[in-house]
1. How would you classify the chain from its alpha-carbon gyration tensor, with a ≥ b ≥ c the square roots of the eigenvalues: rounded for a/c under 1.5, else prolate if a/b is greater than b/c, otherwise oblate?
2. In terms of Cα to Cα distance under 19 Å, which aspartates and glutamates are near enough to Lys238, apart from those fewer than 8 places away along the same chain?
3. Using amide H atoms built in the peptide plane, which far-off residues or other-chain residues are under 5 Å from Thr177 H to H?
4. Picking from His149, Ile192, Pro222, whose Cα lies most toward the positive end of the charge dipole for the chain (charges on Cβ: Lys, Arg +1; Asp, Glu -1)?
5. Evaluate the Kirkwood expression for the hydrodynamic radius of the range 218-258, namely the inverse of the mean inverse distance over all pairs of different C-alpha atoms, and round to one decimal in Å.
6. Lysine pairs in the range 11-196 8 or more apart or on different chains: how many have alpha carbons under 20 angstrom apart?
7. Using a 10 angstrom Cβ neighbour count of at most 15 plus a DSSP loop assignment to flag exposed chymotrypsin sites (Phe, Trp or Tyr not before Pro), which longest range of the chain is free of such sites?
Amino acid sequence: MTVTEPKFPNLFVIGAMKSGTTTLHDALGKHPEIFMAPCKEPNYFLDAPYLDDAWFDDHPYDSEGRWYFTLFDDAKRDPHVKYAGESSTDYAKYPLFKECATRINAFNIDARLIYIMRDPVERTISHYWHDVRSGKTEKSMMDAVRSDHTLIDFSDYALQLAQYLNVFPKEQIYVLTLEHFRDNRDDALRGIFEWLGVDATMRVHDLQRSNETPEFPYIPRPGMSWLARLWFTRQWRKTTQGMPKMFISALFRLTYRQIARPKAAPPEIVEYLRPILAERTTALTNLLGREFPQWKTLYSNGESARKLVN
């Protein structure tokens with residue numbers, strides 16, 4: 001019998017944004033049979049790769065896409081690796097990006113996909129703060145959620161999963177929640193490892209939570225969002241390389257101010273989002289055949305999605 005070499009990458013963490021994908025990416029990469037790309041969010045299957053990651057500072061980009069496959073060179077040299085994967089949350093941002101599922105399927109019909117979700121109200125709010133901190137919006141939270149459809153679309157997990165279920169068998173897509181991963185990490189990872197057919201007794205230690213919105217975040221000063229958008233780009237790193245630290249610190253103080261982020265979700269935002277996202281979550285329940293009582297912000301006092309919608 002001829003053993004067929006796996007086609008790498010063959011594992012994709014597709015989202016959802018602000019749902020623990022970076023921590024999950026790191027956890028998967030600690031398993032000796034799983035290799036996760038050193039560059040998170042490469043976005044290769046968007047035809048619009050993310051080139052601002054620091055990985056690209058030392059690795060040349062080429063328009064033919066060879067850069068992407070070099071991400072997995074170490075996996076190809078390790079005979080113990082069964083899965084080589086990457087994580088790009090833009091792959092589950094329909095309808096902003098529409099062809100990701102089809103492109104991944106065309107590349108590797110046997111690929112495995114992982115989709116991690118969190119309470120959709122909390123995800124939407126976290127997404128807003130992400131946009132504020134990165135200089136993408138200066139709007140108030142209410143104005144943003146009313147005007148920017150992506151904040152809600154990316155929390156419509158049924159909509160996002162449907163794109164992949166249209167082209168992949170359900171057995172090749174693993175769905176979990178951030179809440180389960182956060183509160184029962186060993187059990188959550190064991191489920192993924194069993195699904196992948198790798199050693200499920202492996203325990204992941206020394207795992208740090210990543211990209212969590214701080215209690216006192218730095219956000220751009222009014223009118224400085226344009227400068228904030230440059231801070232984490234490759235162009236900015238090249239421009240400021242070698243500059244005195246005092247000068248960089250002065251630029252940072254010019255660009256950002258620190259605020260106290262509300263510890264609880266603003267009640268008016270929650271009341272606005274709950275009926276909208278409860279309806280979307282009803283579609284998710286129908287799609288997957290499971291409910292999500294752990295989403296306490298969406299469902300207060302044990303209310304069901306049906307009651308909230310009606």
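1. Since a/c reaches 1.5 but b/c is at least a/b, the shape of the chain is classed as oblate.
2. Cα-Cα hits under 19 Å: Asp52, Asp53, Asp57, Asp58, Asp62.
3. Amide H neighbours of Thr177: Met117.
4. Looking along the dipole axis, the top candidate is Pro222.
5. 10.5
6. Taking the Cα cut-off of 20 Å, the pair count is 14.
7. Looking at the chain, 62-231 is the longest stretch - no exposed chymotrypsin sites (Phe, Trp or Tyr not before Pro) with at most 15 other Cβ atoms within 10 Å.
Bear in mind that the values in this text are calculations on the coordinates, not laboratory data. Remember, it's a predicted structure, so these values are computed and weren't measured experimentally. Every residue, glycine among them, receives a Cβ derived from its backbone with ideal geometry; neighbour counts consider all protein chains shown.
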